[in-house]
Amino acid sequence: MMGASIGGTTLPGMVNLHSHAFQRGMAGLAERAGTSDDSFWTWRDVMYRFLDQLTPDDVEAIATLAYVEMLEAGYTRVVEFHYLHHDVDGRPYANVAEMAERVAAAASATGIGLTLLPVFYAQGGFGGEPALPAQRRFVTTLERYIGLHEASARALSALPGALIGMAPHSLRAVTPDDLARAVTNYAGDGPIHIHVAEQEREVAECRAWSGQRPVEWLLDTGLVDDSWCLIHATHVSPAEIARIVASKAVVGLCPITEANLGDGIFPAVDFQNAGGRFGIGTDSNVLITLAEELRTVEYGQRLRDRRRNRLAPAGQSVGRTLFDTTLAGGRQAAGIADWPDGDHIVLGNAVELAGRSGDSVLDAWIFASGRPLVNEVWVRGARVVDGGRHVQRTAAETRFATTMARLAAMV
Ligand code: NGQ
Ligand code: ZN
């Protein structure tokens with residue numbers, strides 16, 4: 001769907017298939033070099049220190065601004081990979097779905113469509129390694145997780161268009177038995193997402209534990225089908241690529257975060273040529289911009305290959321191909337493949353788009369503008385972004401700023 005409308009070009013709203021909303025509050029706070037070799041793992045330490053302090057009010061405030069920014073960027077649905085479940089002392093809140101309710105409140109206040117994935121996290125590392133104290137706010141047993149999942153589903157019952165799914169955090173974080181039991185017995189029809197093969201260290205640890213690479217191990221369980229989304233899947237062999245394609249699962253790329261964390265470059269060209277499905281997510285939310293997220297997928301491939309126009313068939317627009325591909329992948333991963341895509345965005349009449357028509361509008365938006373060009377965003381028939389600004393932005397900013405004045409000093 002793309003048409004000229006008064007004021008610009010109309011496109012379906014994009015799906016953000018992977019977000020940890022609370023991490024928006026630490027954006028830019030982990031960019032200072034440490035004394036040792038900084039890596040994904042030292043970033044994770046900073047992230048754990050940050051989440052240590054967060055109250056339910058903080059999470060709601062941060063998620064609300066993050067969702068305002070997502071809508072302004074052109075995302076009309078977010079798949080929230082939600083794992084901050086417990087109180088600061090590691091005990092469940094009196095209302096076990098307290099934090100899930102805060103995420104739902106942020107979605108409700110902003111209008112963004114929500115697919116909530118309560119996360120199952122049971123151990124600190126492969127082979128039953130005990131959880132770190134810093135992981136106490138999310139580590140739980142399968143039995144307690146099931147209770148949390150049910151309570152989270154109830155917390156969504158009044159939210160229009162909301163869906164529930166399931167997310168075993170990673171192969172590191174669950175036992176093989178619990179993984180199989182959780183998804184076989186409790187996931188229902190909802191989407192199932194998992195972080196996998198993001199970091200080379202994770203690949204090495206998985207091989208030491210099982211003799212297999214992470215994606216290989218996961219596919220050998222026989223559990224993976226088109227309801228699954230493999231988040232990152234950065235480090236995959238040609239054989240693993242072929243098997244992901246055959247499973248019809250979506251790969252969830254998060255290019256800005258993957259660049260920020262130094263994950264590596266997913267073999268998107270080979271995967272796409274083999275018929276693979278992928279979508280995009282903002283993950284750590286260090287920067288929320290749809291155009292740049294899409295551009296970064298393509299630029300990673302160009303930088304590696306030293307070639308141009310990698311992710312489109314001959315003669316086709318890269319911007320158009322990226323947009324359509326990630327929309328279809330995102331909708332599948334969010335559990336809304338069969339829903340009508342009535343939610344839409346309208347690009348403004350910016351000078352960057354002057355004289356462009358058809359697919360070249362998309363190419364100009366994605367590759368040739370550094371400004372947000374989304375002028376209007378409509379969800380469930382309501383205009384929530386007007387003139388590029390979310391109708392609740394002022395209130396969301398005020399609340400976020402109050403929260404951050406306290407939190408930023410503590411990181
Ligand atoms: C997360 N983020 O759950 O927020 C993870 C870091 C982990 C990314 N993997 C924690 N990008 O993987 O252990
Ligand atoms: Zn993630």
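Being small (Gly, Ala, Ser) and either within 14 Å of ligand 2 (Cβ to nearest atom) or within 22 Å of Trp209 (Cα to Cα) (or both) is the filter here; which residues of segment 169-195 pass it?
The answer is Ser170, Ala173, Ala180, Ala182.
How many residues are within 15 Å of Gly8 (Cα to Cα) and assigned to a helix (DSSP H, G or I) if we restrict to segment 364-390?
Total satisfying the criteria: 2.
Since Gly188 meets every condition but one in (1) within 16 Å of ligand 1 (Cβ to nearest atom); (2) part of a loop (DSSP other than H, G, I, E, B); (3) out of contact with any strand residue (DSSP E or B) (no Cβ under 6 Å at 6 or more places or on another chain); (4) of a type outside the set (A, V, I, L, M, F, W, C), which condition does it not meet?
Answer for Gly188: the failing condition is (1).
Outside any helix (DSSP H, G or I), crowded, with 22+ Cβ neighbours inside 10 Å, within 16 Å of ligand 2 (Cβ to nearest atom) and under 21 Å from the mean Cα position of the chain (by Cα), is that true of Glu198? Reasoning before the result, please.
Working: outside any helix (DSSP H, G or I): yes; crowded, with 22+ Cβ neighbours inside 10 Å: yes; within 16 Å of ligand 2 (Cβ to nearest atom): yes; under 21 Å from the mean Cα position of the chain (by Cα): yes.
Considered against the rule, which asks whether it is outside any helix (DSSP H, G or I), crowded, with 22+ Cβ neighbours inside 10 Å, within 16 Å of ligand 2 (Cβ to nearest atom) and under 21 Å from the mean Cα position of the chain (by Cα), Glu198 comes out as yes.
Picking from Ala208, Ala239, Ala259, Ala246, which residue would you name as being open to solvent by 60 Å² or more (accessible area, probe 1.4 Å), under 29 Å from Ile288 (Cβ atoms) and in a helix (DSSP H, G or I)?
Checking each option against the conditions leaves just Ala259.
Hey, does segment 391-403 have a residue that's assigned to a helix (DSSP H, G or I), surrounded by fewer than 18 Cβ atoms within 10 Å (Cβ to Cβ) and among the hydrophobic types (A, V, I, L, M, F, W, C)?
Within segment 391-403 (the criterion being assigned to a helix (DSSP H, G or I), surrounded by fewer than 18 Cβ atoms within 10 Å (Cβ to Cβ) and among the hydrophobic types (A, V, I, L, M, F, W, C)), the answer is yes, since at least one residue qualifies.
Would you tally the residues in segment 212-229 being of a type in the set (Gly, Ala, Ser) and either at pLDDT below 95 or open to solvent by 60 Å² or more (accessible area, probe 1.4 Å) (or both)?
1
Keeping to segment 275-299, report how many residues are surrounded by fewer than 24 Cβ atoms within 10 Å (Cβ to Cβ), outside any helix (DSSP H, G or I) and in contact (Cβ under 8 Å) with a residue 60 or more places away in the chain.
4
The values are calculated or read from the model by the stated rules, or taken from the named source; none is laboratory data. Since we're looking at a predicted model, the values are computed, not measured. Here Cβ is always computed from backbone atoms with ideal geometry, including for glycine, and neighbour counts include all displayed protein chains. These accessible areas exclude ligands, DNA and RNA; they are computed on the full protein's heavy atoms, side chains included. Shrake-Rupley method; radii C 1.70, N 1.55, O 1.52, S 1.80 Å.
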